[in-house]
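For reference, the structure discussed in these notes is given below.
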Amino acid sequence: MNESAGLVDLIKLPVSQLTLGMFVCAIDKPDKGQLAITNAGQIKHKDTIAQLTKNGIKFVWVDAQRSAEHCGLSKETITHPHPHPHVVPVTPIASETESQKVPISREKQQDQAKVMLIEAKDLIRKVLSETFEGKAIEVGPFEALADNMIESVMLDADALKCMSALRSKDAYLLEHSVNVAFLLVTFGKYLQFDRDKLREMAVGGILHDIGKIKVDNKVLHKPGKLTPEEFEHMKLHQVYALAIMNEAKGLSQLSKDICLMHHEKLDGRGYPRGLKGDEIPLHGRMSCIVDIFDALTATRCYKEAMSPAAAFKILLSLTPFHLDQELVYDFIRCIGIYPVGSLVELSDGQIGIVWTSKDRDALHPIVKCFYSIKFKRYTEVTMVDLLQSELYVERGVSPSSLDIDPTPFY
């Protein structure tokens, strides 16, 4: 039997030595030893470290293998206070199999998803500012963010989908970047990509619009159709992106492709390079689909959000000259006709949020109902399981079409 079968590579570190991207599995209590923590994961924000210090925690146990590469936690370089470095019995810590048996409430999942999305936008805001000042992008923090996004999708994407559905008109660039990354991970998982490729796609998604930081704000935020001259200026964001990508440290070619190919078209009429057909790899074609879908379903200062079903129709209308038709069908199957977080009207006139779709077919989700078209008023919140009900989804709707605000019900 393999001696390491019941062992895991953990490193005991003082809290003062923690950095963003380290994967904390447990805290160390002098009287109780290792104690597993329910929210184990990579450190995404410095506030987490401050909170550990505030709670009187002096040491934690870090999983070297699951920490981001930029943390430098290699077996050769870390000195370990344990008599057998890097090989620590895992008995006191719940295994992944055991921890997955402990149900996490949807409310807690959404709280965690909300924190992750806020921290993601904070990171992007910081990097946009630094990029504007001419500083080179370092990929490490984005890889840590990507890993957390992947963990959320692998565990249960529903909570993250609902939080991603909360859009504001004023933070489009930030939210669009996060959502494109999340959609690429979801799409990549559906196509059975490996974890490394998912990480590279997520990083590319997060950075895909980085060049817009150099675009004139009057053009970028113009509440109306751009003139031909303004559109040519807008297209320059890909030229700016190319320079930024070349300066980035540690960015994979796949991540760069996501950034530099999401405006290409199969017929060669896209930009910046006018790539045609097979010159656009699979991940590049995916980025084109995801970028358009998220833009269509977002509320902007000059347009209302479109329902996913309406956006799917537009995606299909752009095949095969712009988008890959088979990939568009794959994307629709992946996301579902009525995605979690979207609004639907049921056959009795109730309006609700598609709340849960895991292990269900696309037409029978659980819907969180809160409004009645019949009575034109908000109602008591009820969960309707369409597998157990005679009701069915009549259609997908957008909030603007009914003049309602679903935000408090997410």
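If you count, for each residue, the other Cβ atoms within 10 Å and average over each peptide, how do 369-376, 289-296, 339-346 line up from highest to lowest?
The peptides rank, most packed first, as 339-346, 289-296, 369-376.
Share of the chain's accessible area from carbon and sulfur, percent, 1.4 Å?
53 percent
Given q = 0.11, 0.16 Å⁻¹, what are the Debye log10 I(q)/I(0) values for region 202-286, with equal point scatterers placed on the Cα positions and solvent ignored?
So the normalised log intensities work out to -0.31, -0.64.
What span do the alpha-carbon atoms of region 243-312 cover on each of the three principal axes, reported in whole Å from largest to smallest?
36, 28, 18
How large is Rg over Rh for the chain, taking Rg from the Cα atoms and Rh as the Kirkwood inverse mean of 1/r across Cα pairs?
For the chain, the value is 0.99.
From the helices alone, meaning DSSP H stretches of at least four residues, give me the mean residue ellipticity at 222 nm for the chain, per-run term -39500 (n - 2.57), in deg cm²/dmol to the nearest 500.
The helix-only estimate for the chain comes to -13000 deg cm²/dmol at 222 nm.
Provide the packing ranking of 263-275, 148-160, i.e. peptides ordered by the mean count of other C-beta atoms within 10 Å per residue, highest first. Please list the in-between numbers first.
On the way: 263-275: 16.8, 148-160: 20.4.
Per-residue Cβ counts within 10 Å, averaged per peptide and sorted highest first, yield 148-160, 263-275.
So, by mean Cβ neighbours within 10 angstrom, what's the order for 207-219, 105-117 with the highest one leading?
Sorting 207-219, 105-117 by mean packing, highest first, produces 207-219, 105-117.
Just the accessible area per residue of the chain, please: how many Å² with a 1.4 Å probe?
51 Å²
Just to be sure I understand the model, the point goes 7 Å from the Cα along the line to the Cβ. What's the resulting ARG273 to ASP111 distance in nm?
Modelled inter-label distance: 4.7 nm.
Hey, how much of the P(r) for region 166-213 falls beyond 16 Å, as a percent of Cα pairs?
40 percent
Can you run the Rg to Rh ratio on region 296-410? Use alpha carbon positions and the Kirkwood inverse-distance Rh.
So for region 296-410, dividing Rg by the Kirkwood Rh gives 0.99.
If every alpha-carbon in region 280-322 counts as one equal scatterer, what log10 I(q)/I(0) does Debye give at q = 0.24 1/Å?
-0.84
Which one of CYS288, PRO272, THR227 has its Cα pushed farthest toward the positive end of the charge dipole of the chain, where Lys and Arg give +1 and Asp and Glu give -1 at the Cβ?
Checking the options against the dipole of the chain, the answer is THR227.
The values are calculated or read from the model by the stated rules, or taken from the named source; none is laboratory data. Computed from a prediction, not measured in an experiment: that's the story for all the values here. As a convention, Cβ positions derive from the backbone with ideal geometry for all residues, glycine included, and neighbour counts pool all protein chains shown. Just the protein is used for accessible areas: all its heavy atoms, side chains included, with ligands, DNA and RNA removed. Shrake-Rupley method; radii C 1.70, N 1.55, O 1.52, S 1.80 Å.
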